[in-house]
Amino acid sequence: MTHQDAEPRPANSGKKLTPEQQLALQTDRNISVTAGAGSGKTTILVERYLKFLLDENTPSRRVLAITFTEKAAAEMTERVARRINQLLTGDHSPKRYARLLEIREQLSSAQISTIHGFCSRVLREFAVAAGIDPDFGIIKEFQQTVILEETINEVLEALDNETLESEYPREEWKELLRCISLNTLRRLLEQSLYLPHEMSLAASVLSEQSDESYLQQLNDIFFSELEKWLHPGGFKLQLFPIIGELAAAQYNEAGITDKGRRLFELLSELLDLPIGEERNSSVWQKLLDATVPVSRLND
């Protein structure tokens, strides 16, 4: 009697796999498994991996298993080895037993790694075709952080020295820095460099829009998101009492600055808007332009 057709069992228990776990082992389709911690995802991944090698007789180098971390890759390799050793203790046909031994011998060269590890292996194997030095190394996270900071500092220094090569006039950079702080610009640049693909897509979309249409889109998004947090039919009813209370607050008129006085004038103007016109009013932009920290309303 052989166990060639027996149902696969987890390496760490004697229980059969659940019907849902059995479905995840089907190799005739692509699957996505979503489950909580400790639910057996790694066990299923190991069983599915071995199913390709044993039942489908697929060469080890043609099965790719990608993990998020090096630790997870090492753990999976260890669990595959443990599972193979467990299977070797069973009663198998000579052919299946020989196949298990072959898989175990080839495990050191199995494609179980992070995406970085896999890509570096491919690039080293085809370094000439890729036109790179096969002795390259993978940058560490702290090294990436240092390089990003140095790059941003060089850009800001070039901007300050008027030596930055940019398609945008220097006056537009000045206007940008009048609208946001230097630290905010630095943070935005960091996020952009960490997400090059997303920024490329965003640049492509924005290049097809005029400034007016983009500003209108931002305006629509702002009010759409704001209305989600307010009663659907009570935009003005919900928001304006708060503005009215602020506008009616007691303050020292003699000590208020011109900018502070302008802010309260705009609040009053907003409260006087006809119902339905508050969404498209330019008063919102004027309020944003005039807004100052509360501590500066009175000298």
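Values quoted throughout were computed directly from the atomic coordinates according to the rules given, and no laboratory measurement underlies them. In this text, all values refer to a predicted model and were calculated from it rather than measured experimentally. When we count neighbours, we look across all protein chains shown, and the Cβ atoms used for this are built from the backbone with ideal geometry, even at glycine.
General remarks:
- Evaluating 6.51 cos²θ - 1.76 cosθ + 1.60 at θ = phi - 60° for every residue in the range 211-226, the Karplus couplings come out as 4, 5, 5, 5, 5, 5, 5, 4, 4, 5, 5, 4, 6, 5, 5, 5 Hz, glycine and proline recorded as x.
- Mean separation of Cα contacts under 8 Å, 6 or more apart, over the residue count of the range 19-130: relative contact order %: 29 percent
- Charge dipole (debye, nearest 20) of the range 19-130; +1 at Cβ of Lys and Arg, -1 at Cβ of Asp and Glu: 120 debye
- Per-residue extension of 0.36 nm, minus the Cα-Cα distance of VAL128 and ILE31, leaves a gain of 31.4 nm for this segment.
- Backbone HN-Hα couplings from phi across the range 59-68 [Karplus 6.51/-1.76/1.60, Hz, Gly and Pro as x]: x, 4, 6, 9, 10, 10, 10, 10, 10, 7
- In this structure, the amide hydrogen of THR114, modeled 1.01 Å from its nitrogen in the peptide plane, lies closer than 5 angstrom to those of THR67, counting only residues at least 5 positions away or on a different chain.
- Whether the range 141-207 is rounded, prolate or oblate, judged on the alpha carbon gyration tensor where a/c under 1.5 counts as rounded: oblate
- Here's the picture: a label point sits 7 Å out from the Cα of GLN144 along the beta-carbon direction, and within the range 104-123 the residues with their amide nitrogen under 12 Å of it are 115-117.
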